[in-house]
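The values are calculated or read from the model by the stated rules, or taken from the named source; none is laboratory data. As the structure is a prediction and not an experimental result, all values here were calculated from the model. All Cβ positions, glycine included, derive from the backbone under ideal geometry; neighbour counts span all protein chains shown. In case anyone asks, the SASA skips ligands and DNA or RNA and just uses the protein heavy atoms, side chains included. Shrake-Rupley method; radii C 1.70, N 1.55, O 1.52, S 1.80 Å.
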Amino acid sequence: MKLKGLLLCGGRSSRLGLDKSLLEIDGQQVYNRWIEYFTSFQIDLYISCKQEQVSNYNHHLIIADKHDQLGPLSGLVAAIHNDASCHWFIVSVDLLYITKNDINYLLSKYKKEYFACCFQDANSIIYPLFSLISPLMHTYIKEHLLLPNPSIKKILSHPNVQKLHALFDNSLVSINTSMDLKNYLHSLDQIQGE
């Protein structure tokens, strides 16, 4: 299976008040942690961002979004235009609770006959920004773009998408506000104190 990673970094971060991808945790910019994670699985990680954000990254694998109005879906569409022959493992830069174990879990559970693989909670709510998209899904994505309000979440509601349950309840919690960041940093302090 040909596989590439796509780190979604194009958001405005208006609630947090700063660019999430430039957050530093333990002296390291968050996007570098994702590069390290994906490299440990021998997966090239591409950064998806807006054209005006490209200079923020010291990384050679960058795909600039082409459709601002599509939100995270614009990054996936740009990635498919970059390479339509591969599976794209997408992750949002602000999913800081995800670990290498979560990545390994998704990769090990994915069954290739499915169009995609994602996580859902006990209430069947889909978490679209940590998922694996197969080339089999590309035609459906193109069709979906013609509908009103297209999104990755709506695409992943397709019946031929494998849905997994997260290993831990907080794995898929994103950092959207200063309180979310404070809680995340507090959880790190607790882990390091054990």
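Taking the criterion of being of a type in the set (Gly, Ala, Ser) and open to solvent by less than 20 Å² (accessible area, probe 1.4 Å), the residues of the range 52-80 that qualify are ALA64, SER74, GLY75, ALA78, ALA79.
Among the residues of the range 4-32, which ones are among the basic types (Lys, Arg) and either in contact (Cβ under 8 Å) with a residue 60 or more places away in the chain or open to solvent by less than 40 Å² (accessible area, probe 1.4 Å) (or both)?
LYS4, ARG15, LYS20 - these are the residues of the range 4-32 that are among the basic types (Lys, Arg) and either in contact (Cβ under 8 Å) with a residue 60 or more places away in the chain or open to solvent by less than 40 Å² (accessible area, probe 1.4 Å) (or both).
Within the range 141-194, being under 29 Å from SER108 (Cβ atoms), touching a His at 6+ places or on another chain (Cβ under 8 Å) and surrounded by 16 or more Cβ atoms within 10 Å (Cβ to Cβ) holds for one residue alone: ILE155. Residues in the range 86-103 that are at pLDDT 95 or above and open to solvent by 10 Å² or more (accessible area, probe 1.4 Å): HIS87 alone. Return a yes/no flag: does the range 126-141 have any residue that is on the phi < 0 side of the Ramachandran plot, of a type outside the set (Lys, Arg) and at pLDDT below 90. No, the range 126-141 has no match at all. When the residues of the range 107-125 are filtered to those that are surrounded by 14 or more Cβ atoms within 10 Å (Cβ to Cβ) and at pLDDT 95 or above, the one that is nearest to the chain's Cα centre (by Cα) is CYS118. Residues in the range 154-170 that are within 19 Å of the chain's Cα centre (by Cα) and over 15 Å from LEU132 (Cβ atoms): LYS154, SER157, HIS165, LEU167, PHE168, ASP169, ASN170. Screening the candidates ASP44, ASP83 for the property of being open to solvent by 40 Å² or more (accessible area, probe 1.4 Å) and in contact (Cβ under 8 Å) with a residue 12 or more places away in the chain yields one hit, ASP44.
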